[in-house]
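The values are calculated or read from the model by the stated rules, or taken from the named source; none is laboratory data. Only a predicted model underlies this, so the values are computations on that prediction, with no experimental measurement involved. Cβ atoms come from the backbone with ideal geometry, glycine included; neighbour counts cover every protein chain shown. With ligands, DNA and RNA removed, areas are computed over all heavy atoms of the protein, side chains included. Shrake-Rupley method; radii C 1.70, N 1.55, O 1.52, S 1.80 Å.
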Amino acid sequence: MLTSTEIDEVIDQVLRGHRDAFRFIVRSYSLPIRAYIASRLRRADDVDDLTQEVFIAAFRDLAQYHPGGDFGAWVRGIARHKLNDYFRSTTRRTQAHERFRLDLASSVETELDAAATCEPSDSIEALLRCISRLPEKLRRVVKSGLDGDKPASLAEELATTVGAVYNLHYRANQVLRDCVKKELS
């Protein structure tokens, strides 16, 4: 740890334009500041980010430090302010996520209620009717998926590529989704 006189000399050098001298301050105080922040936070990434922010703020506000003072206390004060800012923004972010979750839940609530009131047997019967109406190739893709067959083996059977099987599967799902929706309406 640098002495008070050494700190004042380094700060004087930095203020005179020798920015690289600030690294001595960072080396001397980064571990105690990091420990101070880590004692209040759980995530190591956040600890690293806040520690960096503290030293950036200290560098930017170095002219406000009074020579002969307790530099460690001054930097801890910056760290305390950065922690307070962090906790305020985290709380706002958490509240925003909660509002989003509630808005999303209320927007799909009617659809979920409609799906819940629909008899499962009605849905299955509608799905089976829709599968029977599919073209042969799409029916084979659906059956293969239900049987758990590998896309590569189905591609070989259909004399096509695995990518084409995935495209057929996607198209079959779209057609079935639309058909079941119409059947249940």
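Count of the stretch 131-185 residues, restricted to those that are assigned to a helix (DSSP H, G or I), under 37 Å from the mean Cα position of the chain (by Cα) and among the acidic types (Asp, Glu), is 2.
Give the residues of the stretch 66-76 that are open to solvent by 10 Å² or more (accessible area, probe 1.4 Å) and within 22 Å of Gly17 (Cα to Cα), sorted by residue number. Within the stretch 66-76, His66, Pro67, Gly68, Gly69, Trp74 meet the criteria.
Going by the structure shown, is Ile37 in contact (Cβ under 8 Å) with a residue 40 or more places away in the chain, part of a helix (DSSP H, G or I), touching a helix residue (DSSP H, G or I) at 6+ places or on another chain (Cβ under 9 Å) and surrounded by 13 or more Cβ atoms within 10 Å (Cβ to Cβ)? Yes, satisfied. Residues of the stretch 163-177 that are without any contact (Cβ under 8 Å) to a residue 12 or more places away in the chain, open to solvent by 60 Å² or more (accessible area, probe 1.4 Å) and farther than 18 Å from Ala126 by Cα: Asn167, Tyr170. Residue count for the stretch 128-155 under the criterion of being crowded, with 18+ Cβ neighbours inside 10 Å and within 12 Å of Val175 (Cα to Cα): the result is 5. For the stretch 14-21, the criterion of being over 16 Å from Ala79 (Cα atoms), touching a helix residue (DSSP H, G or I) at 6+ places or on another chain (Cβ under 6 Å) and open to solvent by less than 70 Å² (accessible area, probe 1.4 Å) is met by at least one residue.
If you filter the stretch 92-127 down to residues that are surrounded by 10 or more Cβ atoms within 10 Å (Cβ to Cβ) and either modelled with pLDDT of 85 or more or within 22 Å of Ala172 (Cβ to Cβ) (or both), you find that the one that is nearest to the chain's Cα centre (by Cα) is Ala115.
Total residues in the stretch 42-65 satisfying the condition of being touching a residue at least 40 places away in the same chain (Cβ under 8 Å) and open to solvent by less than 20 Å² (accessible area, probe 1.4 Å): the figure is 2.
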